[in-house]
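Scroll down for the structure; my scribbles are underneath it.
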Amino acid sequence: VLMAYGQQFPLGYLGNPFVDEAEFIRHIAAALGAECPGAATAKECLDALEAFLRRRHMERKVCVVFVDEAHLLDPVLLDRLLVLSNLQISGVPLLQVVLAGVPGLLELLAAPRFGSLNQRIGSRHLLRPLNKAEVNEYVHHRLAHAGGDQELFSPRALSAVQRRSGGRPRLVNL
């Protein structure tokens, strides 16, 4: 997504969930291209980020930040995402947030503390394990992308990969 659409509108990626509040806001600002001085407080970074988002809104640019491993975020940072989702102009959110994590993320967001944040999630997608045909296609794709022989694994070996991995791509890769 970043490679395909990064030139069309500001996109940011956060892959490290183990940051404090000021670092979190600073990372979002930096990922999107907003200026936030290194010594700035969380409030100052939030103000700079909001000003940046307002400018992008006036340019009709949608800003999107992807938060990977979101299930590992400190609850304070999930609260901060709620604050960021409150940044709007005439009911139009200034920032779109994509949360990616393991299925436990859904359970975390269902907690009463995160009710407001949970209600603001407009779309949810759960990736299911790959079936046997999908594992075969996935392995062939990965081999082709790497320049390898797509027939490297026998059908029997691919069946074993599917059984042992349960169809989970990370385990298929291993």
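The values are calculated or read from the model by the stated rules, or taken from the named source; none is laboratory data. Just so it is clear, the model here is predicted, and its values are computed rather than measured. Neighbour counts are summed over all protein chains in view; Cβ atoms, including those assigned to glycine, are modelled from backbone coordinates with ideal geometry. We work out accessible area using only protein heavy atoms, side chains counted, and drop any ligands, DNA or RNA first. Shrake-Rupley method; radii C 1.70, N 1.55, O 1.52, S 1.80 Å.
A 1.4 Å probe run over the protein chains yields, for the chain, 64 Å² of accessible area per residue, whole-number rounding. For segment 107-162, a simple Cβ point-charge model (Lys and Arg +1, Asp and Glu -1, everything else neutral) yields a dipole of about 360 debye relative to the Cα centre.
Along the axis of the charge dipole computed for the chain (Cβ charges of +1 for Lys and Arg, -1 for Asp and Glu, origin at the Cα centre), the listed residues Gln88, Val102, Ser154 are led at the positive end by Ser154.
Taken along the Cα-to-beta-carbon direction at a fixed 7 Å, the label points for Glu69 and Arg128 span 2.9 nm.
Around the Cα centre of segment 1-138, unit charges on the Cβ atoms of Lys, Arg, Asp and Glu (plus for the first two, minus for the last two) sum to a dipole of about 500 debye.
Have a look at the DSSP beta bridges in the chain and tell me what percent are antiparallel, nearest 5.
20
Relative to the longest principal axis of the C-alpha atoms of the chain, give the angle of the C-alpha long axis of helix 21-32, reported between 0 and 90° and rounded to the nearest 10°. For helix 21-32, the angle is close to 70 degrees. Among [x] -0.63, -0.75, -1.18; [y] -0.69, -0.77, -0.98; [z] -0.57, -0.68, -1.06, only one was calculated for this model; which label is it, if the read-out is log10 I(q)/I(0) by the Debye sum over Cα atoms at q = 0.12, 0.13, 0.16 Å⁻¹? Comparing each candidate, only [y] matches the computed number. Our estimate of slack between Ser90 and Thr41, defined as 0.36 nm per intervening residue step minus the Cα-Cα distance, is 14.9 nm. Here the simple spin-label model places points 7 Å from the Cα toward Cβ, and for Lys61 and Arg168 these points are separated by 3.8 nm.
Between Ser159 and Leu82, the simple spin-label model (points 7 angstrom out along Cα→Cβ) gives 5.2 nm. Between 0 and 90 degrees, the angle of helix 132-145 with respect to the longest Cα principal axis of the chain falls at about 80 degrees. For the peptides 73-85, 119-131, residues were scored by their other Cβ atoms within 10 Å and the scores averaged per peptide; the highest-first order is 73-85, 119-131. Between Phe9 and His141, the contour length at 0.36 nm per residue exceeds the alpha carbon distance by 44.6 nm. With runs of 4+ DSSP H residues as the only contributors, calculate the mean residue ellipticity of the chain at 222 nm using -39,500 (n - 2.57) per run, divided by the residue total and rounded to the nearest 500. When only DSSP H runs of four or more count, the value is -14000 deg cm²/dmol.
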